[in-house]
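For reference, the structure discussed in these notes is given below.
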Amino acid sequence: MGKGDKKTRRGKIANKSYGARRPKGIKKKPSVEEKISIKNKK
C-alpha cells in the first residue's frame, strides 16, 4: 500500500486521478445562519 496502490490517497496523487479517497473539491454546505437569512428575504 503506497504510491502504486490505486485505491489509496497516495496512489491517487501519484496516478493523478480522483475518487472517493481523493475528492476534487470540497463542496461547502451553507451554514444555518445563511439558510435562515435566505428564507427571511422572501
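The values are calculated or read from the model by the stated rules, or taken from the named source; none is laboratory data. Keep in mind it's a predicted model, so treat the numbers as computed, not measured. Cβ sites come from the backbone with ideal geometry, for glycine too, and all protein chains shown count toward neighbours.
For the residues GLY11, GLY4, the requirement of being of a type in the set (Gly, Ala, Ser), modelled with pLDDT of 90 or more and surrounded by 10 or more Cβ atoms within 10 Å (Cβ to Cβ) singles out GLY11. For SER37, the conditions (1) among the hydroxyl-bearing types (Ser, Thr, Tyr); (2) part of a helix (DSSP H, G or I); (3) at pLDDT 75 or above all hold with the exception of (3).
A search for C-beta distances below 7 Å between a residue of the stretch 18-33 that is closer than 22 Å to LYS7 by Cα and basic (Lys, Arg) and any residue that is surrounded by 10 or more Cβ atoms within 10 Å (Cβ to Cβ) and at pLDDT 75 or above, counting only pairs 6+ apart in sequence or on different chains, returns ARG21/LYS7; ARG21/THR8; ARG21/ARG9; ARG21/LYS12; ARG22/ARG9; ARG22/LYS12; ARG22/ILE13; LYS24/TYR18.
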